[in-house]
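Each value in this text was obtained by applying a stated rule to the coordinates, not by laboratory testing. These figures come from a predicted structure and were not determined experimentally. FYI the Cβ positions are ideal-geometry reconstructions off the backbone, even for glycines, and counts take in every protein chain you see.
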Amino acid sequence: MSLSLKFSSDIDSRFLEVVASDEVTFYQSSTVNLVQLGIVAGTVDVTGPVPQDFRSDEYYFKGRLSLPNASPCDVFVKILLGDDEEFYSELLQSYIQEAKFYRDHLCGNKSLYGKAVPKIYGLYETKVFWETYNTHVDCACMVYQYCGSTRNLPPWSTGSGLSDFG
């Protein structure tokens, strides 16, 4: 299963400087099985960045997800760029832990999931070519249902999900 992110031409982001492309394809992570969510190949038309916090290797975007046989929906995209292997490995583990928590504890809760708890559309991974350094770097991506601005979150929260607490 794959997910293509297509970036609008007016988006300015260090992530786009690194990948030097307006489209990046990610593949469903083999680490966490989220198949029971019924997610198949899709496309996210990325419409703009979401303000970032102190994590320089994470990039946040808002977009519109199109899946076969479903109405398009607004999503929040969290991307981790592996230009520092040790830092990437550590943060990737928090992404994996978060995806497993969703799978094991949240997705089955019909009264909360998709209402009080945003839906998760998957954990994806790929390698991107960083032209400036002539090297390939690992990249991970998590996609969630978009539930509005993070402006009203408590100051201790980055707004990036359960990884805030782990």
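Once Lys and Arg get +1 and Asp and Glu get -1 on their Cβ, which of Asn109, Trp130, Gln97 lies farthest toward the positive end of the dipole of region 79-138?
Of Asn109, Trp130, Gln97, it is Asn109.
Could you give the nm distance between label points at Lys6 and Asn69, where each point is 7 Å from its Cα heading toward the beta carbon?
The two pseudo-label positions are separated by 2.2 nm.
Hey, rough spin-label estimate for Ser21 and Asp45, points 7 angstrom out along Cα→Cβ, what's it come to in nanometres?
Inter-label distance under the simple model: 2.1 nm.
Go through region 58-130 and name the chymotrypsin sites (Phe, Trp or Tyr not before Pro) that are in a DSSP coil and have 13 or fewer other Cβ atoms within 10 Å of their Cβ.
The qualifying sites: there are none.
Label-point separation (nm) for Glu85 and Gln97, each offset 7 Å from Cα along Cα-to-Cβ?
Result for the modelled spin labels: 2.3 nm.
Students often get this wrong, so check it: of Lys6/Lys110; Lys78/Lys127; Lys78/Lys110; Lys6/Lys62; Lys6/Lys78; Lys100/Lys127, which have C-alpha atoms separated by over 20 Å?
Lys6/Lys110; Lys78/Lys110; Lys100/Lys127
Starting from the Kirkwood Rh over alpha-carbon pairs, what translational D in µm² s⁻¹ does region 70-126 have by Stokes-Einstein at 20 °C and 1.002 mPa s?
Here the translational diffusion coefficient equals 165 µm²/s.
Please state the relative contact order of region 42-151 as a whole percent: Cα pairs under 8 Å, 6+ residues apart?
Computed over region 42-151, the figure is 24 percent.
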